[in-house]
Amino acid sequence: MSPDPSIPCKHTVDCRVESIACVAVETFLLTLRAPSIVKAARPGQFVNLSVPRCGEILWRRPFSIHQVDNESGTFSVLFNVVGRGSQALNRVQLGDSLNCLGPLGNRFQIPPGTDELIIVAGGLGIAPFYFLLQDWAQEPFQKIIFYGVASNDRFCRLDDFSRLCSSLHLTTDDGSQGEKGTVIDSLRRHLCIKSERNRFLLTCGPTSMLRAVQRLGAEFQLSGAVSVENRMACGFGACMGCPVKLKNPGAPHKPYALACKDGPVFSLTEIVIDE
Amino acid sequence: MNEIAIRIGSVEFANPIMVASGTFGYAEEFDGLVDFREIGAVVTKTVTLEPRPGNAPPRIYETAAGMLNSIGLPNVGVKDFIDQKMPFLRTLQSRIVVNVAGVTAKDYVAVVACLDSVPGIDAFELNYSCPNVKQGGMSFSSNAQIAEAVTASVRKETKKPLIAKLTPNVTSISDIGRAVEQGGADALSAINTLVGMAVDVRTRKPRLSTITGGLSGPAIKPIALAKVYELCKSVSIPVVAIGGIMNLHDALEFFMVGAIAVQVGTANFMNPGCAAEITRDLRCYCQQQDLNLSDLIGSLEVDG
Ligand SMILES: Cc1cc2nc3c(=O)[nH]c(=O)nc-3n(C[C@H](O)[C@H](O)[C@H](O)COP(=O)(O)OP(=O)(O)OC[C@H]3O[C@@H](n4cnc5c(N)ncnc54)[C@H](O)[C@@H]3O)c2cc1C
Ligand SMILES: Cc1cc2nc3c(=O)[nH]c(=O)nc-3n(C[C@H](O)[C@H](O)[C@H](O)COP(=O)(O)O)c2cc1C
Ligand code: FES
């Protein structure tokens, strides 16, 4: 598919912080004004954000585009505070300016004829799916979400997600809400129920979960796609620092794809997911 | 008009701000992110005779004001480089410097021989940090005799300017610099990355698949400055400075210690427009101070 010239491609732009809100434990929803990013963004893509005023921190930090609002020209990212970069991001104030590089990467695509979309998300792996469901709100197929976190204080925007899908299956490691256990158990049970529907699965989350989803996909001969989160220095194919191992490389000297440029979305059967 | 153009061998560069090998892909990745017209030269990702897959992940790790990489010179090989990468590079107004490497001395010669008649290539940079298989993996620029011999054999293949890129991971970088000057290099570029390492304390594993890797970014700038200063005093060919350059101020420091040009590396990842910004800032600075670039080069004032 050739790119539509009317859509701006990746670029850098200073964005105004419109809001920042705590939506769960150590989890923040950051909204930035950037009409040019909003216009170009597609579900599954990400942005690489400059972390403010941090001399020691070198790289930008990549975050999935979580939500867009065409009217106000804003987009949001949903992030967890896990280290220095996300800590600094968490301290931004309304009106601050953040430099954003994006939109980056490819996007989620659903094959025609799909009548049941299964979304499997672990932790902040839920982030890209809000935008996806927003974009596909009018699509007639079933949208089923399996969403797992460690404990219920980590669930994000459950009301919003339940509005956008046909059914929402929650799991927590400690049983504090929904089913006790992992999304995998809950997903397996769903897949065991025979269905005539054309199912397609999308997943994002911790590596161990992605690997388990990949195995289940193989077991149930399910097609789908996975969004990966490699460490990234540039985010646009310049450093070659984010290789993803391919199961069946096109040529022996090309065993890897780049997560940032060829991904972050890959076919479930296309890549080797390891540590 | 304040003059900022430079010359290496027979080739003139409109300005002295280049982008460093391996940090700018084959330029096409930066389409839309930078004004290519403001970049004096694009130095390509290292090209080798045969395609290379590169190292296993993890290949990168962020450190204090720097980063480690062990990318492993993945590239499409010289043939596909000519067919697939040169067409875009040729459309740019910047000078195109092709960075080449090999695992044997013969490889360097073969790659340059393949490229010499390809239209659009202005100069070659020889990446001597590549491990030499014949020397048990020691890099080509860790031995003065070998570095000189490789330079001399490549010299026979081309009349285009040859820039020899040196590793700082040696006892005396000026010994190597003098040797490649003898071998016929038109210029030196320095520094490539410094060997470095990081450990994940939780898993007790190294952060890179290759255990050690190359350190780059602002963290290495003081070392790069000292090496470039040393080289400028030791050789009579021009020196192109590389190492942690993020802005005009950094570039000026390198000009003052004697560099004729600079290359922006790691900074391209965070600020893809960095090199073009430095060029614009340099032009403003020279105008404001009413200077030519040549007034800055080697203008360091040392007391006593
Ligand atoms: C395409 C993509 C999309 C992403 N989307 C989101 C998102 O929507 N929300 C969100 O919270 N995070 C997302 N991430 C992960 C996010 O980029 C990292 O959490 C962030 O860079 C950590 O920065 P830090 O400085 O706070 O942590 P660091 O101090 O750099 O590291 C702290 C911890 O975070 C881990 N970490 C660092 N980088 C990554 C990474 N790239 N992926 C996973 N773990 C990492 C480290 O292993 C370490 O345990 C995404 C990553 C990618 C590549
Ligand atoms: C990710 C990465 C890849 C690199 N690849 C190459 C390469 O292919 N060939 C080469 O000669 N130097 C390579 N280098 C070294 C840079 O060109 C430069 O010499 C070094 O990074 C120091 O400059 P900096 O601190 O501005 O990055 C690479 C550096 C980085 C960070
Ligand atoms: S992050 Fe640089 S190539 Fe993917």
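No lab work stands behind these numbers, since they all come straight from the coordinates. None of these values were measured; they are calculated from a predicted model. Virtual Cβ from ideal backbone geometry, glycine too; neighbours counted across all protein chains shown.
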- Note on the structure: Over the stretch B:58-72, the set of residues more than 7 Å from chain A (Cβ to nearest Cβ), not in a loop (DSSP other than H, G, I, E, B) and not hydroxyl-bearing (S, T, Y) is B:L68
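Yes or no, residue by residue, for (1) within 11 Å of ligand 1 (Cβ to nearest atom); (2) touching a residue at least 24 places away in the same chain (Cβ under 8 Å); (3) outside any strand (DSSP E or B); (4) within 8 Å of chain B (Cβ to nearest Cβ):
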| site | (1), (2), (3), (4) |
| --- | --- |
| A:V226 | no, yes, no, no |
| A:E229 | yes, yes, yes, no |
| A:A233 | yes, yes, yes, yes |
| A:A238 | no, no, yes, yes |
| A:G241 | yes, no, yes, yes |
| A:K245 | no, yes, no, yes |
| A:G250 | no, no, yes, no |
| A:F266 | no, yes, no, no |
| A:T269 | no, yes, yes, no |
- Message: Please return the ranges of helices (runs of 4 or more DSSP H) entirely within the stretch A:106-223 where 1 or more residues are over 23 Å from A:V77 (Cβ atoms).
- Response: A:183-192, A:207-219
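Here is a list: B:E28, B:E38, B:E62. Which entry is crowded, with 20+ Cβ neighbours inside 10 Å, of a type outside the set (S, T, N, Q) and within 16 Å of ligand 3 (Cβ to nearest atom)?
B:E62
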- Go through the residues of the stretch A:70-89 one by one and say whether even a single one is on the phi > 0 side of the Ramachandran plot and either surrounded by 22 or more Cβ atoms within 10 Å (Cβ to Cβ) or part of a loop (DSSP other than H, G, I, E, B) (or both). yes
- Message: It is to be established whether one or more residues within the stretch B:74-95 are away from ligand 1 (no atom under 16 Å from the Cβ), polar (S, T, N, Q), within 14 Å of another protein chain (Cβ to nearest Cβ) and in contact (Cβ under 8 Å) with a residue 40 or more places away in the chain.
- Response: no
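So, restricting to strands (runs of 3 or more DSSP E) that lie completely within the stretch B:188-304, which ones have at least 2 residues that are surrounded by 21 or more Cβ atoms within 10 Å (Cβ to Cβ)?
Because the criterion is at least 2 residues that are surrounded by 21 or more Cβ atoms within 10 Å (Cβ to Cβ), the strands (runs of 3 or more DSSP E) in the stretch B:188-304 that meet it are B:212-216, B:239-242, B:261-264.
Mind listing just one residue for me: the one in the stretch A:252-264 that is of a type in the set (D, E, K, R) and at the interface with another protein chain (Cβ under 9 Å from one of its Cβ atoms) and, of those, nearest to ligand 2 (Cβ to nearest atom)? If you could, list the steps in order and put the result at the bottom.
Of all residues in the stretch A:252-264, those of a type in the set (D, E, K, R) come to A:254, A:261-262.
Within this subset, residues satisfying the condition of being at the interface with another protein chain (Cβ under 9 Å from one of its Cβ atoms) are A:254, A:261.
Numbers: A:K254: 17, A:K261: 14 Å.
Per the criteria, the residue is A:K261.
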- Being more than 16 Å from ligand 3 (Cβ to nearest atom), more than 14 Å from chain A (Cβ to nearest Cβ), over 25 Å from B:E12 (Cβ atoms) and touching a residue at least 60 places away in the same chain (Cβ under 8 Å) narrows B:T212, B:T279 down to just B:T212
- Task: Output the number of residues of the stretch A:37-69 satisfying the condition of being within 16 Å of ligand 3 (Cβ to nearest atom), small (G, A, S) and not in a strand (DSSP E or B).
- Result: 2
